[in-house]
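Working notes, beginning with the structure itself.
Just so it is clear, none of the values below were taken in a lab; they were calculated from the coordinates. Treat the numbers as computed from the prediction; the structure is a model and nothing was measured. Heads up, the Cβs are rebuilt from the backbone with ideal geometry, glycines too, and the neighbour counts pull from every protein chain shown.
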Amino acid sequence: MSEEKSQIQILSAVLASTRTQITVDISSILVEISVFENIENPFITGYITMVDNDRLIERMDIQGAELLTLRYKRNHSVSGIREIRHNFIIQSVEKQFKTNDMSQVVVLKCVDTEAFRSSLHNVNSAYKGEPYEIIHKLMLEYLDRDDLLTTALDNVSSKMQVIIPNLTPLASMQWIARRSITPNGFPYFFFKTAMTDEYVFTDLETLLSSPVINENNPFSDNQSAGSSNGTAKEFIIHQRTIPAQDDLHDLIRSGVIGSTNKYYDVAEGDFDVVEFNVNNDLMVDLVEMNPRQKRPSIDGELGYDDTPISRYSAKTNSYLSSAHAFNFANSYDEATGVGGNRNKIKSFASKHLLNKNPFTMVVDGENFANGSENLGVGNNIKVLTKGKTDDPEPRIDIKNSGDYLITAVNYVIKISEANKITANVACTKVASYITDRYVPVGGAR
């Protein structure tokens with residue numbers, strides 16, 4: 001297949017061992033490249049499938065710490081498309097199976113070099129400052145990275161003073177991120193992007209309030225949607241999977257809908273009681289983040305025995321904490337008063353709410369492979385699925401359409417199919433459109 005017809009141009013795939021001093025470009029024997037990114041993970045993972053005709057695994061004596069450098073770029077005439085580079089460490093030889101007497105197919109499991117480097121260190125140190133400042137210090141000290149992208153400058157959390165308890169640097173950063181909350185009570189996420197190799201520390205409030213990146217090019221399950229030659233057209237969803245959804249019972253039992261929370265201060269001998277109501281404390285904020293998505297995924301006014309479910313205290317939680325351990329900063333689990341403790345519950349509930357309406361789809365990955373900007377995890381995308389087919393006017397399925405937040409992407413480059421790249425996109429939403437009207441170009445209104 002000619003290079004001009006391929007979606008992705010493989011520039012190089014160099015496998016190197018510092019132990020055997022063997023360096024080989026394996027780009028000619030690649031079968032498939034699979035790269036994963038997730039909003040919960042500050043590292044990239046991957047799988048490399050290749051045909052080993054030359055006993056490469058044996059000659060290099062792969063033992064699990066070899067370096068694999070991948071370089072590729074989108075094969076497009078548009079200027080400004082940068083190459084994408086992955087610096088992987090071979091984590092394991094995942095699979096090997098013979099195809100004939102002379103060759104075998106090998107699958108290598110990979111993790112990015114900074115995650116491997118992090119695993120070699122152990123952090124047992126005291127840090128003080130805003131959460132993003134501590135994360136930045138750890139990145140600089142252990143990863144030699146000074147390029148953290150963050151929204152925390154605009155949504156400053158409270159200063160903390162912590163002693164990191166025997167964790168790797170990346171696990172330490174995740175530990176700090178999990179305790180980071182905006183002044184409005186929304187959690188932070190710390191993740192790494194696959195296509196741009198960036199570390200991002202950002203809050204859910206900013207993520208959900210951001211505009212979709214494909215306003216005039218929604219993803220659609222209308223198989224004829226991609227036929228337009230103009231700049232405004234729909235991208236085809238080749239396959240979609242809707243996992244188990246709307247488990248309200250599980251959310252109730254988790255205390256996400258309504259709960260009583262008791263915080264005992266062992267230092268002061270005092271305690272706070274915080275009642276949580278998902279309608280009053282969370283949903284009223286979530287539905288204001290997107291003006292066209294006003295139908296919340298949880299209706300806390302749903303009644304049982306003539307009482308809204310959000311008014312039931314379905315779970316009582318008790319927490320031990322120590323206040324004023326430090327003079328000028330909070331300790332790891334310390335909050336300021338009842339409002340601070342309420343924000344902790346709100347953060348917990350909003351994270352759980354992201355699991356209520358998951359959606360997974362397989363789409364063309366070519367547009368994601370830009371190299372100059374992250375179009376994957378952490379972005380909002382417009383997704384439209386067909387509604388009633390017997391209606392004279394086109395309609396969308398409000399339940400499964402919407403502005404979705406991308407939470408994970410698996411990019412797959414299939415060498416045998418002209419270097420075609422697909423994206424398996426996992427996403428979620430917290431509310432739905434208020435209208436099912438469909439506009440051919442641009443989608444819902």
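Overview of values
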quantity: Size of charge dipole - the chain - debye, nearest 20, with Cβ of Lys, Arg +1 and Asp, Glu -1, no other charges; calculated: 400 debye
quantity: Spatially proximal lysines relative to residue 137 (Cα-Cα < 20 Å; intrachain offsets below 8 disregarded); calculated: 128, 159, 192
quantity: Contour minus Cα-Cα distance for residue 63 and residue 367 (0.36 nm per residue); calculated: 105.9 nm
quantity: The chain: calculated mean residue ellipticity at 222 nm from DSSP helix runs of at least 4, using -39500 (n - 2.57); calculated: -3500 deg cm²/dmol
quantity: In range of the label at residue 317: residues from the stretch 129-168 whose backbone nitrogen is under 20 Å from the point 7 Å along Cα→Cβ; calculated: 157-158
quantity: Charge dipole (debye, nearest 20) of the stretch 254-379; +1 at Cβ of Lys and Arg, -1 at Cβ of Asp and Glu; calculated: 220 debye
quantity: Local net charge near residue 19, Cβ-Cβ under 15 Å (Lys/Arg +1, Asp/Glu -1); calculated: -2
quantity: Gap separating the Cα centres of the stretch 326-347 and the stretch 235-309, nearest whole Å; calculated: 20 Å
quantity: Unit charges at the beta carbon, dipole of the chain: most positive-side option, 375, 282, 122; calculated: 375
quantity: Protection proxy ranking, peptides 7-14, 277-284, average beta carbon neighbours within 10 Å, highest first; calculated: 277-284, 7-14
quantity: In range of the label at residue 159: residues from the stretch 170-201 whose backbone nitrogen is under 20 Å from the point 7 Å along Cα→Cβ; calculated: 176-177, 179-184
quantity: Stretchable slack from residue 273 to residue 260, in nm (0.36 nm times residue separation minus alpha-carbon distance); calculated: 4.0 nm
quantity: Listed peptides 22-32, 161-171, 342-352, 265-275 by packing density, highest first (mean Cβ within 10 Å); calculated: 342-352, 161-171, 22-32, 265-275
quantity: Dipole axis of the chain (+1 Lys, Arg; -1 Asp, Glu on Cβ), positive-most option in 131, 38, 53; calculated: 53
quantity: Rough spin-label spacing in nm, given labels placed 7 Å along Cα→Cβ, for residue 246 and residue 304; calculated: 1.6 nm
quantity: Relative contact order, percent, the chain [alpha-carbon distance under 8 Å, six or more residues apart]; calculated: 18 percent
quantity: Where labels lie 7 Å past Cα in the beta-carbon direction, separation of residue 338 and residue 96 in nm; calculated: 6.5 nm
quantity: Inter-label distance, nm, simple model (7 Å from Cα along the C-beta direction), residue 216/residue 21; calculated: 5.9 nm
quantity: Normalised contact order of the stretch 121-204, rounded percent, pairs of Cα under 8 Å and 6 or more residues apart; calculated: 35 percent
quantity: Dipole-positive endmost among 193, 350, 75 within the chain (Cβ charges, Cα centre); calculated: 75
quantity: Pairwise FRET efficiency - residue 141 versus residue 280, Cβ, R0 = 35 Å, nearest 0.05; calculated: 0.25
